Amino acid sequence: MSEWNVSYDSFFYADLQSPKNQKSGVEVPINKTSLWGDEEWKVLSMYLFDKGPVFHICKRIKDETIREFYAKWGYLMQMAKEGRHDEVSSAERETMYADSPYGETSPIHITIDGNPVDSGCSMSDAWIPLRYDSAEPCENMPQILRHYALDDSDGWLIIHVECEWPENFAGVNNISQIEISLEADDVEISGPRFSVREIGEEIHFIRPLTGQQHMLKILSSEPDEEEDDHWHYIRLTYTLEPDLSEDIFSIKDCSYGEIGGAGIIFAYDEEDDTVRTAFSSLYVNPPEEIQWRTVFHEKIKEDLTLTLQAGRDFGIIVP
């Protein structure tokens, strides 16, 4: 990337596409830092375009955090490189992804002078320090780090958020306040595991985050198959007391790797809305016993809102 060129619709890649047709935005430096739990987030810059503003936001991933992640999960990544997928359970993979300090980009909501702006399009890229065994980073990432004076010894998640100006927008020079809100994602927390021994069995457990006691009652555990008779699965029906919404509680198969098959989701309507259904992974040869695990989807921290004031946090000069 020979020149610093931020495009509205191609993140940092304008120079890799059609630079003559790409208009670079006017940069408004912000460089505001805030802590979100134990995470450090920065609003780096705002770029002004005719269609709307673009914000560059980043999360710092400290070196020790990356080192701890690799120490914990390096063996799993090595097994994947060696093609030993059948030795890795879906629970391990999901837990590793949930533990990743890079993770998925949090939903971001932006308002300008109290008016919500459309921020439905975002793109991101990551910097992983080169001493780690990682995939090659975005080839423009070193220049991105230099432009924003970000320490390359730590990791970074750089997010490019595109917005459209609100209706009846008075003009960029009239902006007085910008609010950038990061929505906290649900975190998947594994609960107790179990196998079905008999119909009518009651399984008692505690919701980890709240300490509330629950009782799961097994109503049925039946084999089933897809229409082509090639893949087989187990359908489990149960009740839960006190009940939790499907957004909070689910049951998953603890199957291993590709031989165990891929997880499946079916739409299944029960006549009794207190009866819930879980499906195992798909199997060519189903195991004699399925081990299930309870899963909670919990929001463990509050949303973060950064308030930027004109004159204090940013100043707009349009050439």
Does N168 satisfy being over 19 Å from N5 (Cα atoms), modelled with pLDDT under 90, of a type in the set (S, T, N, Q) and touching a strand residue (DSSP E or B) at 6+ places or on another chain (Cβ under 9 Å)? yes
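Answer with yes or no whether P53 is in contact with a Cys (Cβ under 7 Å, 6 or more places away or on another chain), of a type outside the set (D, E, K, R) and under 26 Å from V26 (Cα atoms).
For P53, the condition - in contact with a Cys (Cβ under 7 Å, 6 or more places away or on another chain), of a type outside the set (D, E, K, R) and under 26 Å from V26 (Cα atoms) - is met.
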Determine if segment 39-48 includes at least one residue that is among the small types (G, A, S) and at pLDDT below 80. no
Being farther than 19 Å from L304 by Cβ, at pLDDT 80 or above and touching a helix residue (DSSP H, G or I) at 6+ places or on another chain (Cβ under 8 Å) is the filter; apply it to segment 92-112 and report the residue that is surrounded by the fewest Cβ atoms within 10 Å (Cβ to Cβ). D99
Selected residue [touching a residue at least 60 places away in the same chain (Cβ under 8 Å), small (G, A, S), closer than 28 Å to M141 by Cβ and part of a helix (DSSP H, G or I)] from A98, A71: A98
Condition first: within 21 Å of P208 (Cα to Cα) and either of a type in the set (K, R) or surrounded by fewer than 18 Cβ atoms within 10 Å (Cβ to Cβ) (or both). Now tell me which residues in segment 279-294 satisfy that. Q291, R293
Can you tell me which residue is surrounded by the fewest Cβ atoms within 10 Å (Cβ to Cβ) among those in segment 1-38 that are among the hydroxyl-bearing types (S, T, Y) and at pLDDT below 70? S2
Filter result (loosely packed, with under 12 Cβ neighbours inside 10 Å and of a type in the set (D, E)) within segment 184-206: E198, E202
Within the set of pairs 6+ apart or on separate chains, which have a first residue in segment 160-179 that is over 20 Å from P319 (Cβ atoms), a second that is among the aromatic types (F, W, Y), and C-beta atoms under 7 Å apart? H160/F11; V161/F55; E162/Y8
Note down all Cβ pairs under 6 Å where the first residue falls in segment 184-196 and is closer than 16 Å to P208 by Cα, the second is modelled with pLDDT under 85 and surrounded by fewer than 16 Cβ atoms within 10 Å (Cβ to Cβ), and they're at least six residues apart or on different chains. D186/K299; V187/I300; E188/A98
Just name the residue that is farthest from R197 (Cα to Cα) out of those in segment 246-290 that are at pLDDT below 90 and polar (S, T, N, Q). T274
Can you tell me which residue in segment 171-182 is modelled with the lowest pLDDT, limited to those that are surrounded by fewer than 13 Cβ atoms within 10 Å (Cβ to Cβ) and in a loop (DSSP other than H, G, I, E, B)? G171
Among the numbered criteria (1) touching a Lys or Arg at 6+ places or on another chain (Cβ under 6 Å); (2) in a loop (DSSP other than H, G, I, E, B), which single criterion is violated by G200? (1)
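The values are calculated or read from the model by the stated rules, or taken from the named source; none is laboratory data. The structure presented is a predicted model; accordingly, all values stated were derived computationally and were not measured. Don't worry about glycine lacking a Cβ; one is built from the backbone with ideal geometry, like all the others, and counts go over all protein chains shown.
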